[in-house]
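Right, one structure below, let's go through it.
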Amino acid sequence: MKSRKTDTAGAGGRDRHSRLAHAVAAGLLVFVVHAVSPVSQSGDSRWAVPVMESLLHRGDVDLDEFVAQWTTAGLYTIDCAGPGGALVQAQMGGCPELFHAYPRYPIATPVLAFPLFVVIDRLAPMLPGWTPGLELLSQRNYSQSFRVVEIFIASALMGLCAVFVFLTIPGREAAWLWTLAFGFGTSAWSTASRAMWSHGMSMLCLAAALYFLTGGRRRVVLAGVLLGLAVWNRPLHAIPLVCFAVWLRRDGWRLLAGAAAASIPFAVYCLTIYRLPVQPYMLSPGAFVWDTGRALGVFAGQLVSPGRGLLVYSPFLVLCAAGAASLWKRERGLVTAIGTWFVLHAAAISFFADWTGGMAFGPRYWSDFLPGSMILLGPVRPARKWFYVLIVWAVFLHGRGAWDVRTQAPGDVWDWRRVLVGRVE
């Protein structure tokens, strides 16, 4: 006869397997819907696919072999690095003699996504030519199909992110609700999956790190590695790294050690190419405007402007306050860490010189905080219909951002026609 302990262990195992199956189903749903959404925002990420192609065929990450694909409008995304770390602006026709071309924006994003590119490269010849983009991809013509590749990879990252979000939220019904709200009612859909922005990879790293830090798992070193990778995708993620290290107290050094270990290959790359510990992009002196009065106005814009307001595009996130209150008694340290992360993140993006995020849709700069917000929403169980109205509104707006290319016009972020009509000429 089986013991009660054995029966309990078996039931627990079945529950874990069932929960994982539901999480994978949620992730697949997010991936498929994101992957078939047509809007592409490839701009800063233009050289992500060529970097992965170069890694596959030449074993390096320079862009020298892609000079023929350079355009005047895209030169801002390329750095020419030479002897002794000398750096010059890229020009049409290539870099000067002894200089090599490298992507200006975080190299960590395409390097970490490389395994997904290998899968796409192997499967490409089997793809049906249902659209011109798929036809070009089936021929491995990446110079013409890079936007399709970017959307596939970015959508896969959001699908994986959704899996970790689901597994982090207690309760199956709540996990489905908030995972779908995350996948379709936030910038995960309208921004992170529209191109290989650095947001997508960093959001996945953050969501996975939070999974390993919560729910009694406490895989601190692994979480540190993930947070370190997030920092190399977007330097702003040094904020949650420090916040969680403080929360963990005596284990904080293990988190920082994991992050340091993850940093070694990227630091070696930067020291070798640029003679700097980080990419020059991360040291741009003009990235911030240190004007408190301006920052207060920008903060308002980041929260409630019709072009970039977080609470306009994803108003259900206001329930994070209720979730924080619910978690406070049993997870005070975690709530404090996430709350501090929110405050410091809000302060940082309010001092950004380009606080509107350029050619983008909705609250792009808030994408980085979304995994933390899902932790706070976990214990919330909406009891009123208007809560669901907020979610439906968010899905409508972000769905339009992912499906209607007209919504990508920059326009005036304070013009309410951006929300009501979708485009400001």
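Rounded to whole numbers, the Karplus 3J(HN,Hα) couplings from phi for region 178-191 are 6, 5, 5, 5, 5, x, 10, x, 9, 5, 4, 8, 7, 10 Hz, using 6.51 cos²θ - 1.76 cosθ + 1.60 with θ = phi - 60°, and x at Gly and Pro.
Value of Rg to Rh for region 1-134, rounded to two decimals, is 1.21; Kirkwood radius and Rg both from alpha-carbon coordinates. Taking other Cβ atoms within 10 Å as a rough exposure proxy, D44, D404, D368 sort from fewest to most as D404, D44, D368.
With N as its number of residues, region 41-90 has a Cα radius of gyration that, divided by 2.2 N^0.38 Å, comes to 1.17. Helix content alone sets the calculated 222 nm mean residue ellipticity of the chain: runs of n ≥ 4 DSSP H residues at -39500 (n - 2.57) each, divided across all residues, give -18500 deg cm²/dmol. The phi torsions of region 101-106, fed into the Karplus equation with coefficients 6.51, -1.76 and 1.60 and a -60° offset, translate into couplings of 8, 9, x, 6, 8, x Hz, rounded to whole numbers, with Gly and Pro shown as x. Scattering from the C-alpha atoms of region 232-303 alone, worked out with Debye: what is log10 I(q)/I(0) at q = 0.20, 0.26 1/Å? Rounded to two decimals, the profile gives -0.96, -1.10. Summing charges over all other residues whose Cβ lies under 12 Å from the Cβ of F117, with Lys and Arg as +1 and Asp and Glu as -1, gives -1. Under the Kirkwood approximation applied to all pairs of distinct alpha-carbon atoms, what is the hydrodynamic radius of region 168-222 in Å? Computed over region 168-222, the radius equals 12.4 Å.
Averaging over all projection directions, find the projected area of the Cα convex hull of the chain and quote it in nm² with one decimal place. Don't skip to the answer; put the middle values down first.
Working: hull surface 95.7 nm².
Over all viewing directions, the chain projects a mean Cα-hull area of 23.9 nm².
The angle between the Cα long axis of helix 198-213 and the main principal axis of the chain comes to about 30°, on a 0 to 90 degree scale. Close amide-amide hydrogen proximity is noted between L276 and L271, each under 5 Å apart and 5 or more residues distant or on a separate chain (H modeled in the peptide plane; Pro and chain starts excluded). Close amide H contacts of F288 (hydrogens built in the peptide plane, cut-off under 5 Å, sequence separation of 5 or more or a different chain): A353. Dividing the radius of gyration of the alpha carbons in region 195-262 by their Kirkwood radius gives 0.96 for Rg/Rh. Look at where the Cα atoms of region 221-292 and of region 126-172 average out, and the two centres are 27 Å apart.
Any read-out appearing in this document is the output of simple, stated calculations on the displayed coordinates, not a laboratory observation. The structure presented is a predicted model; accordingly, all values stated were derived computationally and were not measured. Reconstructed Cβ throughout: ideal geometry from the backbone, glycine too, with neighbour counts over all protein chains shown.
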